[in-house]
Each structure stands twice: as structure tokens, then as C-alpha cells.
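I have placed the structure first, in the form of C-alpha cells, so that the comments after it can refer back to it.
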Amino acid sequence: MEATGVVTRVGSSVRVSRGEGIQLAVIAALLVFVLVGLPQLLSLFWIDTSTSAVVYAVAALGVGLLVGRVGMVSLGQVAVLALGAWVGAKFCLSTSLPYPIVLLMSGLITMVLGVLIGLPALRVSGLYLALVTLMLAGAITVVLTVTNFPNGGKGFLGYDENYPGTIRRPSIATSDPAFFRYSVIVAVVMFALVVWHLRSKPGRAWAAIRQSEPAALTAGVNVTLYKMWAFALASFVTGVAGGLLGSGAGKLYTFQFPTSQSVILFAVVLMGGIYTVWGAVLAGVLLWVLPALFTIWGIDSQLPTILFGIGVLQVLTTAPAGIAYQFPRDMAKLGKLLYRLVRRFTPSASGAS
């Protein structure tokens, strides 16, 4: 699911290159395994962990879009995720709308809120943009702490300390394995939506803005419009992820969305790779699977936070494109090195005879 690929146009048809065709086949096979085989191999604990990893991979996709494609450093994406979770929980508990419509509304309303939140940040960049988004994330966290998440109570906020309501799931995915598959399918749709944008006119405009805003303005790119477009798209996919997160957990609590989590999410996205959508997938895995493994091994689950800090330093100094880009190339170089060593120290057929 790379955002770039070799595509040749012939007349009105589009011919996909051989390399891209192989890549699509591998992605399809991997998706079939994740949907069919993986739930059969995992316990309920790992299914729940994998569902959270899928949801946060979509949130990481929004961070990667803003940072890697547009050059806008955002440290408030977990707060946007919390907004999507709030909206999704409210619709699930207060209406009988079909679940896909609930997710769509979560994305659209969060998109509007995300654009409104992002408006003050459009005139700043770099460190100033990071500070503005971090402060906005802190403000959202404070508001959510005061209002709390809906749990089925009466009124607009719908919160009652003694109300036993839980956030519903789609009727076709009430069990944990089924909801995991449902979340994967929704995530694939979100990834496809972002990739489609990256390969069309907005993607080219974002690339120009990332390289140089003055040059983009000279080329006729409406920088303000496309920055807002990026905020809107990142907020939409993150809002949909928030809707999934609420249904996966059943109940939502404000301690699930600390402001510091936005910084950690940003760090793991940098580690995974901001220039490829595979970096978002890897970020979701690092954020949820690694702490779960540490817990099982009896190691403090907070240790990954330290490792993420070390990983960011390593990525920034030696592999700016992230693990998703660098690891396959390092493995290819290692394979070639081992092959040359084997050839060097293995007697030839003629010499052995």
C-alpha cells in the first residue's frame, strides 16, 4: 500500500506495472490471512490487543499524512481520536442508526471539529504548529475530563455514574473476533481513501507544500485550502477510528486519552515511517503489541516509552524514512552479504571434483 507506484496510461486504460501487481497480490494475500487465519490463532486477549492496534494504525495514518506528506507537525491526534470516540459513543447509545452510518457521522463531525481546531494553526509551522496542536489537545482533554464520555444517561452529554450502558457494536460483528475483522475492513477502506488522495491532485499539492510553501504558491497551489484539506482528511479517518475504539472497548474513560499519548503516537509514527502508509501499520503494532508482550514477560509496560524515545533518536540520525522503509533494505543488504560469504567459502563444483 505504498503511496507511489509505476502506472502506465495507454489510451483510456491504466496499466499497472509488474512490480506494483506483485505488491498488490502480496497485500491481498496478507489481508486474507489477517481476516481469516489470524483470529483462529489468537486468544481473546490478543484479539482485543490487535483490534486496538488496528484502530491506532488508522490514527497513525492521520499523523503520517500531516507530517510526512504535508510537513505539518501535529501533536494532537489522540485528542481528535477522543472526539471521534465521543461522537461515536453518543450516536451508538442514543440512536438506532446503522453502524456504518454511525462511523460515517463520527468521521464527518470529527472532521468539522478538527478543521475548526486546526484553523488557528494554519498560519504557523514547525515547532510553533507542534506547540499549538499540543495545547489544543490539552484543552480537549480538560473538557473531556469535565464532561466525561457518554454512557447512555439522559441529556446531551448522556453521562450517569450509575448507568450500566455499553457502546454497541454492529449486529454482524458482536463477538471479539468478528469485530476485529470488521475493524480491519474499515481500516483498509480508510487506508485506501488516503492512498487515493495521495495519488491524485491533493497528493501532488501536499508534496509541493512540504518541499517549499513559497514555491507551491508560485506554482499556483492554494496552500491554505490544501492544508485545511489535509487537516480534514486526517480528522475524518481518525474520527472513524474513534468510533471503532468506543465499540471495541464497550466503555470509554478519560484516562485512556492523556495528552502525553499524542506525543507517544507521534514518536512511533516517526519510528514506523512517515513517508509510507506501512509506517502507520507498524506504529499501531509498536504502540499496542509491544507493551502487551512486555506485560506477559513480566516487564514494566512503561518501558516501551523509553524505547520509543531511543528509537526516535536512532531513526532521526540513521534512518529518517523509518523502519518500514529501512528494514527491508537492510535485510536485502544482509542477504546479499551472506550470499557472497557463502559463495566465497563454499568450494566450487569443479574444485570439489
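Read the figures in this text as sums done on the coordinates, not as results from a lab. Here the structure is a predicted model, which means the values were calculated and not measured. All Cβ positions, glycine included, derive from the backbone under ideal geometry; neighbour counts span all protein chains shown.
Structure notes:
- Amide H contacts under 5 Å for Met72, placed H, 5+ residues apart: Val67
- Qualifying chymotrypsin sites (Phe, Trp or Tyr not before Pro) for the range 155-236 [loop in DSSP, other Cβ within 10 Å: at most 15]: Phe156
- The three principal axes of the C-alpha atoms in the range 48-255 carry coordinate ranges of 58, 34, 27 Å, sorted with the longest axis first.
- Candidates Ile274, Ile264, Ile27: whichever shows maximal mean-square fluctuation once the chain is modelled as a Gaussian network with Cα springs under 10 Å: Ile27
- From helices alone, the chain scores -23000 deg cm²/dmol at 222 nm; the rule is -39500 (n - 2.57) for each run of n ≥ 4 DSSP H residues, then divide by the residue total.
- Among 84-96, 122-134, 247-259, sorting by the average number of other beta carbon atoms lying within 10 angstrom of each residue, highest first, gives 84-96, 247-259, 122-134.
- Within straight-line cross-link reach of Lys154, lysines at Cα separation under 20 Å, skipping those fewer than 8 residues along the same chain: Lys90, Lys251
- Rounded to the nearest Hz, the phi-derived 3J(HN,Hα) couplings of the range 244-251 under the Karplus curve 6.51 cos²θ - 1.76 cosθ + 1.60 (θ = phi - 60°) are 5, 4, x, 5, x, 7, x, 9, where x marks glycine and proline.
- Built from the Cα atoms of the chain, the convex hull projects on average onto 24.1 nm², one quarter of its surface area.
- For the range 293-304, putting each phi into the Karplus relation 6.51 cos²θ - 1.76 cosθ + 1.60 with θ = phi - 60° gives couplings of 5, 4, 5, 5, 7, x, 9, 3, 5, 7, 4, x Hz, in residue order, rounded to whole numbers and with x for Gly and Pro.
- Each residue of the range 196-212 was assigned a 3J(HN,Hα) from its phi angle through the Karplus expression (A = 6.51, B = -1.76, C = 1.60, θ = phi - 60°), giving 4, 5, 5, 8, 10, 4, x, x, 5, 5, 5, 4, 5, 5, 5, 5, 5 Hz with x at Gly and Pro.
- The spacing between the range 89-134 and the range 204-219, judged by their C-alpha centroids, is 25 Å.
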